[in-house]
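A.B. asks: After the structure tokens below, expect a handful of questions from me.
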Amino acid sequence: MQCHVSRSFSPFGESINFLSRKVSTLGESSNEGSGRLSPMKETLSLRNDEHFQFQTELKGLVEQYTPAALGIEAAWAVYEPLYTDESNALNVIRKSAVTSELAEADHYRDSLYRGICDTVKGATNHYNSAVKVSANRIEIAIDHYGNINVKSYDEQTAAINSLLSDLKNDYAADVSQLNIGEWLIELQTANTTFETLMKERYAEDSGKTQLSMKDVRRQVDEVYRTITERIGALVIVNGEEAYSGFVNELNQRIEKYNNTLALREGRTIGPVPKACAEWILGLHIHDFLWAGIPDERLLPFPLKH
């Protein structure tokens, strides 16, 4: 099979550039143990959770080796509050746990309200005239508030409180006649629970950061580059011994995220015929696998066999 691809055109963009860098270093000395930091692919391609996780791993390494020993105290003083800003910005994006609990609490009080309405509606056809009369009176009281379940959260809370107050104070005999007292107690409890969660939601929203994740990530990346450039310069000046442990461990993490990006970018273009892949790599697939990639599934694009 022939691959009809112009050598002036690379459909794989940064994935191929990344792969070419990997191939070109085969047989050469690795960055591992060299005191040099591997290049990190453009972090704008990382998803928000991935970006923050990489920064968390970096932070853990710096704290392990200490900013003083690495000679980056000044840059680290700038980095730490930005790391906190990114964490806060990410929390704004993530779905609030209170929001989930709020929806569940609202669904439960809706079901209780429907249950009460259905019970009263059924009792208007009761064979006992006294029960029928009480049911008709309570139905009028309920209808006064309209369809409570379609109101906004706060309007529904207020309407339920008003309805329950009316039934307790003005229709106590009718409530007893229909034997729906326990229904009303349960609805009151559910409404109070919802109201408490709503107050927590308001408090949570008021305390949330207004930071933009995009802006924070850009600032974090700038300081990250400053840190790595500073360490690279210190390696040249002082020798690599004091920095090799940190550099090697960070390089392992950089490699992990570079591979993640390469795989993701490759999968967006669809399967690549084997002959095309061999042309792109500049060597036979089995040679590439032998050279350090143990499984073709780890290539930065899928193969079409």
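Quick note: the coordinates plus some simple rules give every number you see, no bench work behind them. Since the structure is predicted, the reported quantities are computational estimates derived from the model, not experimental observations. Quick reminder, even Gly has a Cβ in these numbers, built from the backbone with ideal geometry, and neighbours come from all protein chains shown.
A.B. asks: Name the shape class, rounded, prolate or oblate, that the alpha-carbon gyration tensor gives for region 97-207, where a ≥ b ≥ c are the square roots of its eigenvalues, rounded holds for a/c under 1.5, and otherwise prolate holds if a/b is larger than b/c and oblate otherwise. All intermediate terms of the calculation are to be shown ahead of the outcome.
C.D. replies: Working: a/c = 2.70, a/b = 2.56, b/c = 1.06.
It is prolate, given that a/c is not under 1.5 and a/b is the larger ratio.
A.B. asks: Calculate the FRET efficiency for Asn161 and Glu240 from the Cβ-Cβ distance with a Förster distance of 45 Å, rounded to the nearest 0.05.
C.D. replies: Working: r = 70 Å, r/R0 = 1.56.
E between Asn161 and Glu240, to the nearest 0.05, is 0.05.
A.B. asks: Please identify which residues in region 48-84 have an amide N closer than 15 Å to a label point set 7 Å out from the Cα of Lys214, following the Cα→Cβ vector.
C.D. replies: 48
A.B. asks: Among the chymotrypsin sites (Phe, Trp or Tyr not before Pro) in region 102-183, which ones are in a DSSP loop with at most 10 other Cβ atoms within 10 Å of the Cβ? Mind listing them?
C.D. replies: Working: sites: Tyr108, Tyr113, Tyr127, Tyr145, Tyr153, Tyr171, Trp183; in loops: Tyr127, Tyr145, Tyr171.
Counting only loop positions with at most 10 other Cβ atoms within 10 Å, the chymotrypsin sites (Phe, Trp or Tyr not before Pro) in region 102-183 are Tyr127.
A.B. asks: Between Glu182 and Asn125, what is the spin-label point distance in nm, taking each point 7 Å from the Cα along the Cα→C-beta axis?
C.D. replies: A separation of 2.5 nm, rounded to one decimal place.
A.B. asks: Apply the Karplus parameterisation 6.51 cos²θ - 1.76 cosθ + 1.60, with θ equal to phi minus 60°, to every residue of region 103-120 and state each ³J(HN,Hα) to the nearest whole Hz, in sequence, with x for glycine and proline.
C.D. replies: With the stated coefficients, region 103-120 comes to 5, 5, 5, 5, 4, 5, 5, 4, 5, 5, 4, 4, x, 5, 4, 5, 5, 5 Hz.
A.B. asks: Can I ask one more? Residue farthest toward the positive end of the dipole of region 97-207, with Cβ of Lys/Arg at +1 and Asp/Glu at -1: which of Ile180, Ile160, Asn136?
C.D. replies: Asn136
A.B. asks: Could you check the spin-label model distance between Thr56 and Ser87? Points 7 Å from the Cα along Cα→Cβ, value in nm.
C.D. replies: 1.0
A.B. asks: Still on this structure, I have one more. With each pseudo-label sitting 7 Å past Cα toward Cβ, what's the Arg47-Gln252 distance in nm, one decimal?
C.D. replies: The answer from the label model is 2.5 nm.
A.B. asks: Explain nothing, just compute: Karplus ³J(HN,Hα) = 6.51 cos²θ - 1.76 cosθ + 1.60, θ = phi - 60°, for every residue of region 225-230 in order, whole Hz, x for Gly and Pro.
C.D. replies: Using θ = phi - 60°, the values come out as 5, 4, 5, 5, 5, 5 Hz.
A.B. asks: So how much slack lies between Ser111 and Lys199, counting 0.36 nm per residue of separation and subtracting their Cα-Cα distance, in nm? Walk me through the intermediate numbers first.
C.D. replies: Working: separation 88, 0.36 × 88 = 31.68 nm, distance 2.18 nm.
Between Ser111 and Lys199, full extension yields 29.5 nm more.
A.B. asks: Between Val133 and Val78, 0.36 nm times their residue separation minus their Cα-Cα distance comes to what? Don't jump to the answer; show the numbers that get you there.
C.D. replies: Values: separation 55, 0.36 × 55 = 19.80 nm, distance 7.41 nm.
Difference between extended and current length: 12.4 nm.
A.B. asks: I need Thr228, Thr196 ordered by Cβ neighbour count within 10 Å, fewest first.
C.D. replies: Numbers: Thr228 20, Thr196 11.
Going from sparsest to densest Cβ surroundings: Thr196, Thr228.
A.B. asks: Could you put Val133, Val175 in order, starting from the residue whose Cβ has the fewest other Cβ atoms within 10 Å? Write out the running numbers ahead of the final one.
C.D. replies: Numbers: Val133 15, Val175 18.
Lowest to highest Cβ neighbour count: Val133, Val175.
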